[in-house]
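Working notes, beginning with the structure itself.
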Amino acid sequence: MTNITIIGEAYGEAEDKAKRPFVGASGQELSRMLNEAGIDRSDCFLTNVFNIRPPGNKIEAFCGPKAEAIPGFPALIKGKHVRKEFENELYRLGDEVLSADSNLVICLGNTPLWAMAGQTGISKLRGTTLVSSHTVSGYKLLPTYHPAAVLRQWELRPTTIVDLMKAKREAEYPEIRRPKREIHIEPSLSDIRSFFNEYLPGCRCLGVDIETSGNQITCIGFSPGTNRAIVIPFVDSRRVGRNYWTNQADELAVWKLVADVLGAANPPKVFQNGVYDIAFLWRSYRIKVRGAQHDTMLLHHALHPEALKGLGYLGSVYTDEGSWKHMRKTSTIKRDE
Ligand code: URA
């Protein structure tokens, strides 16, 4: 058993000649990145979704209309489905994954992600673990960028190495271990009071984040520590009038509690792009924020000015949470970060 299986897309010219995966330019870049992440390539089992070379090195050459698709698999590229005649490659891949029986399967790019998870969207899913559901189910997957994409877009390289560093840690055990957090949602006024009374005294740093829609705050989250948070909703689309609070006196009392916590110098606060939140709170609600001490977006930017700064990206790099993409059911609420 090797602890890591690495799956690429398909043979290129060099691989087709050698009949071995990752022996050409992409393979050399992969070895360099693995090395920088502390992974010994010789400890990994390497293969491809297709151990054959697509004409013109274009994976589209294996694709056709939905009528010719492998049953149970979505399109690999918009409107383009892998043709059923290539299904044998998936059987071969499945046998290989089972015999390697690694703790972790690294999917390099969209094609292995499609083959093992029936999903695409590598930039949203990279850096986060998920369980395989296609070809063979039950294996822990970690998608990241394909080395050929790194060679074309050099700015993807640091992120790919960070993902491979996570892969090294994840390869120590086969199951998915998510952080344990207690998140209070849909609280009553007295739940909010008890939460603040219990967790704010002695809190060293209070995480604060608002969600907005138009010029309204739809909810505010407070987190007094890494494993606990409360989400205070104001908008609830399931309710008549879309107001979470059914009683005006309670809503006013909640806003007063929120304004008091935000207006106090202590506990010090950490925001994600707080410049936006703090200005919004003042402009739309005349709530003043004091004690805004840290900002995750700015701290991250100071460390990695070349990298993305959104919460989804930060979550993939600094936490063991699943993909942000799958956490939100609606996408109607927009804000700048
Ligand atoms: N690209 C791949 O996806 N696999 C290889 O083996 C070589 C290049």
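Within segment 24-53, list the residues whose amide N lies under 11 Å from a label point set 7 Å along Cα→Cβ of ARG92. Output list for this probe position: 48-53. A cut-off of 5 Å between modelled amide H atoms, ignoring neighbours fewer than 5 places along the same chain, links ILE232 with ILE220, GLY221, PHE222.
Nearest 20 debye, what's the magnitude of the dipole of segment 35-97 about its Cα centre given +1 on Lys and Arg Cβ and -1 on Asp and Glu Cβ?
460
This model, with +1 at the C-beta of Lys and Arg and -1 at the C-beta of Asp and Glu, gives the chain a dipole about its Cα centre of some 760 debye. For the residue pairs LYS58/LYS80; LYS168/LYS309; LYS166/LYS309; LYS58/LYS168; LYS19/LYS140; LYS288/LYS309, the C-alpha atoms sit more than 20 angstrom apart in LYS168/LYS309; LYS58/LYS168; LYS19/LYS140; LYS288/LYS309. In the calculated pair-distance distribution of the chain, the portion above 39 angstrom amounts to 29 percent of the Cα-Cα pairs. Within the listed set SER132, SER31, SER99, the Gaussian network model of the chain (springs between alpha-carbon atoms below 10 Å) gives the highest mean-square fluctuation for SER99.
Its Cα gyration tensor gives segment 229-287 an equivalent ellipsoid; the semi-axes, largest first and in whole Å, are 23, 14, 11.
Comparing Cα centroids, segment 225-250 and segment 141-163 end up 40 angstrom apart. Principal semi-axes of the equivalent ellipsoid, √(5λ) from the alpha carbon gyration tensor of segment 182-327, are 25, 18, 16 Å from largest down.
So, with +1 on the Cβ of K and R and -1 on the Cβ of D and E, and no other charges, what is the size of the charge dipole of segment 4-170 about its Cα centre, to the nearest 20 debye?
In total the dipole reaches around 380 debye.
Think of the chain as a dipole: +1 on every Lys or Arg Cβ, -1 on every Asp or Glu Cβ, centred on the Cα centre; then among TRP324, PHE196, GLY127, PHE196 lies furthest on the positive end.
With an 8 Å cut-off on Cα pairs and a minimum separation of 6 or more residues, tell me the relative contact order of the chain in percent.
14
The eigenvalues of the Cα gyration tensor, multiplied by 5 and square-rooted, give segment 1-125 an equivalent ellipsoid with semi-axes of 24, 16, 14 Å from largest to smallest. Looking at the chain alone, DSSP beta bridges between its own residues are antiparallel in about 45 percent of cases. Computed from the C-beta positions of ALA279 and ASN35, the FRET efficiency with R₀ = 56 Å rounds to 0.80. The modelled label-to-label distance for the pair ASN215/GLU13, using points 7 Å beyond Cα in the direction of Cβ, is 6.1 nm. A protection proxy built from the mean count of other Cβ atoms within 10 Å ranks the segments 289-299, 195-205, most packed first, as 289-299, 195-205.
If a/c stays under 1.5 just call it rounded; otherwise compare a/b with b/c (prolate if a/b is bigger, oblate if not). Do that for segment 55-180, with a ≥ b ≥ c from the square roots of the Cα gyration tensor eigenvalues. Since a/c reaches 1.5 but b/c is at least a/b, the shape of segment 55-180 is classed as oblate.
Of the residues LEU156, LEU303, LEU93, the one that moves most in a GNM of the chain with alpha-carbon contacts below 10 Å is LEU303.
Rule-based calculations on the coordinates, nothing more; no lab input. Here the structure is a predicted model, which means the values were calculated and not measured. Ideal geometry is used to build each Cβ from the backbone, glycine not excepted, and the neighbour counts take in all protein chains shown.
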